[in-house]
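The structure appears right after this line, and notes come after that.
Values in this text are rule-based calculations from the coordinates and carry no lab data. Remember, it's a predicted structure, so these values are computed and weren't measured experimentally. Cβ placement follows ideal geometry from the backbone for every residue including glycine, while neighbour counts extend to all protein chains displayed.
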Amino acid sequence: MRDLSNELLDWYDVHARAMPWRVGPTDKKAGVRPDPYAVWMSEIMLQQTTVAAVTEYFKRFITRWPTVSDLAAAEDAEVMGEWAGLGYYARARNLLKCARAVVADHDGTFPADHAALLRLPGIGPYTAAAIASIAFDLRHVVVDGNVERVMARMFDEHTPLPASKPILTEHADRLTPQDRPGDHAQAVMDLGATICTPKSPACGICPWREPCQARAAGTAPELPKKTPKKAKPIRHGTVYLAQRNDGAWLVETRPDKGLLGGMMGWPGSEWVDTSEPRPRNAPLETDWIKLDGEVRHTFTHFHLILDVMVANVSNAEPERGFYLPRDQFRPSDLPTVMRKAFDLAQK
Ligand code: SF4
């Protein structure tokens with residue numbers, strides 16, 4: 001039987017993508033080992049986010065907090081501010097919790113054990129498998145969207161996702177070798193990201209073109225099949241941007257639980273279904289001006305449309321929130337939806 005993994009690893013040895021958290025095949029052969037802290041951080045950042053979006057954030061985090069102990073000792077607000085714009089903010093809170101657990105329970109060293117990794121905050125089965133495999137070269141099956149696509153095509157699997165996940169995982173498992181499982185996992189991901197791409201796979205230069213069943217059947221571009229998703233509902237709400245005469249902005253820290261938890265934002269209303277009246281709930285009584293235009297933002301489960309109200313205020317005491325002095329206010333500390341409101345107000 002052909003050794004499909006070896007064929008792929010030969011390709012990976014030449015074509016591996018360079019990433020700031022990755023130890024490439026040449027360095028590995030020279031004895032360099034991956035840093036589990038860097039692998040873990042990249043995997044948390046990459047959940048629901050692309051490599052291109054993560055790269056600059058990763059470099060900033062690693063420069064500012066070079067070890068897990070440095071990160072564990074950071075202030076929550078510093079980390080949340082550095083994460084702003086990357087989205088899915090529960091990840092940032094879990095990042096801190098996990099760093100502190102690694103320091104408190106594992107002497108500042110990530111455990112080289114899948115079950116122990118899984119017990120850490122913010123690490124689910126996929127992330128535990130990825131860290132165990134990539135950082136420690138333990139044989140675990142790593143299946144992300146790229147791997148699912150490659151497996152569906154290699155085995156011409158037409159059952160739609162998500163029902164086909166167990167079948168695709170079995171295929172990925174059978175192909176995972178005992179030797180270099182971490183490189184194998186990264187090689188399949190790279191193949192999916194660079195050659196076996198969603199719309200137009202470059203089968204002509206693929207290291208798996210001969211055994212690939214979908215290429216032979218001419219079905220590659222239509223795989224993997226997916227069960228259609230329900231349309232996302234639309235919600236709406238209002239945010240209030242008040243600036244005091246001395247330049248300070250009225251902001252609030254959002255509750256830890258819930259969307260954008262722990263992030264800085266503008267005081268605002270609930271976000272409600274569009275069938276309900278536009279909610280207001282201003283943080284203080286003043287002459288608010290409603291801006292032309294609106295903020296549109298899409299979260300995982302709904303689209304959001306926000307009215308933006310602005311006001312200049314003297315020293316009015318707000319019912320909620322606090323004034324942040326002008327020299328401490330950094331728009332880059334705002335999550336993207338709040339940043340959009342700020343940008344609209346600057347136009
Ligand atoms: S031959 Fe084509 S469809 Fe098959 S794995 Fe390679 S790029 Fe994907």
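In whole Å, how far is the Cα centre of the range 1-44 from that of the range 264-319? Taking the Cα centre of each part, the range 1-44 and the range 264-319 sit 47 Å apart.
Scattering from the C-alpha atoms of the range 176-267 alone, worked out with Debye: what is log10 I(q)/I(0) at q = 0.16, 0.25 1/Å? With one equal scatterer per Cα and no solvent, log10 I(q)/I(0) is -0.81, -1.27.
Max-minus-min Cα coordinates of the range 43-121 on each principal axis give 30, 24, 20 Å, with the largest extent listed first. For the chain, the mean projected area of the C-alpha convex hull, equal to one quarter of the hull surface, is 20.6 nm². For the range 27-160, the orientation-averaged shadow of the C-alpha convex hull comes to 9.6 nm² (one quarter of the hull surface). The angle separating the long axis of helix 90-106 from the principal Cα axis of greatest extent in the chain is about 60 degrees.
Roughly how large, in nm² to one decimal, is the mean projection of the convex hull of the alpha-carbon atoms in the range 234-346? Intermediate values should be presented prior to the final figure.
Values: hull surface 27.7 nm².
Quarter of the Cα hull surface area: 6.9 nm².
The local environment of residue 114, defined by Cβ-Cβ distances under 15 Å, has a net charge of -2 under the rule Lys, Arg +1 and Asp, Glu -1. Straight-line reach from residue 229: taking Cα to Cα under 29 Å and skipping same-chain neighbours fewer than 8 places apart, the lysines in range are 165, 199, 257, 340.
Per residue, the convex hull around the alpha carbon atoms of the range 1-63 comes to 115 Å³. Under 15 Å from a label point set 7 Å out along the Cα-to-Cβ vector of residue 138, the amide N atoms of the range 163-194 belong to 181-182. Bridge orientation summary for the chain: considering DSSP beta bridges with both residues in this region, about 55 percent are antiparallel. Relative to the longest principal axis of the Cα atoms of the chain, the long axis of helix 36-46 makes an angle of roughly 70 degrees. The charge dipole of the range 45-156, taken about its Cα centre with unit charges on the Cβ of Lys, Arg, Asp and Glu (plus for the first two, minus for the last two), comes to roughly 180 debye. Each of 184, 328, 315 was placed along the dipole of the chain (beta-carbon charges, centred on the mean Cα), and the one lying farthest toward the positive end is 184. Counting Lys +1, Arg +1, Asp -1, Glu -1, what net charge surrounds residue 266 among other residues with beta carbon under 15 Å of its beta carbon? Neighbourhood net charge equals +1. Gain on full extension, evaluated as 0.36 nm per residue between residue 272 and residue 287 minus their Cα-Cα distance, stands at 3.0 nm.
The percentage of C-alpha pairs in the range 82-152 whose separation is greater than 18 Å is 47%. If the chain linking residue 69 and residue 194 were pulled fully straight, counting 0.36 nm for each residue of separation and taking away their Cα-Cα distance, it would gain 41.5 nm.
Tally Lys/Arg at +1 and Asp/Glu at -1 over every other residue whose Cβ is under 9 Å from the Cβ of residue 132; what's the total?
On the way: positive: 139; negative: 113, 137.
Surrounding charge for residue 132 is -1.
As a rough guide to protection, the peptides 121-127, 297-303 ranked by mean Cβ packing within 10 Å, highest first, stand as 121-127, 297-303. Helix 125-136 and the long axis of the chain differ in direction by around 60°, with both axes built from C-alpha atoms.
Where does the chain land at 222 nm, in deg cm²/dmol rounded to the nearest 500, when only DSSP H runs of n ≥ 4 count, each adding -39500 (n - 2.57), divided by all residues? Only helices count here, giving -12000 deg cm²/dmol.
Once the Cβ-Cβ distance of residue 256 and residue 216 is raised to the sixth power relative to R0 = 56 Å, the FRET efficiency obtained is 0.60.
Would you mind estimating how fast the range 130-220 diffuses translationally, via Stokes-Einstein at 20 °C and 1.002 mPa s with the Kirkwood radius over Cα pairs, in µm²/s?
Values: Rh = 13.2 Å.
Here the translational diffusion coefficient equals 162 µm²/s.
In this simple spin-label approximation, residue 322 and residue 76 carry label points 7 Å from Cα along the Cα→Cβ vector, and these lie 1.2 nm apart.
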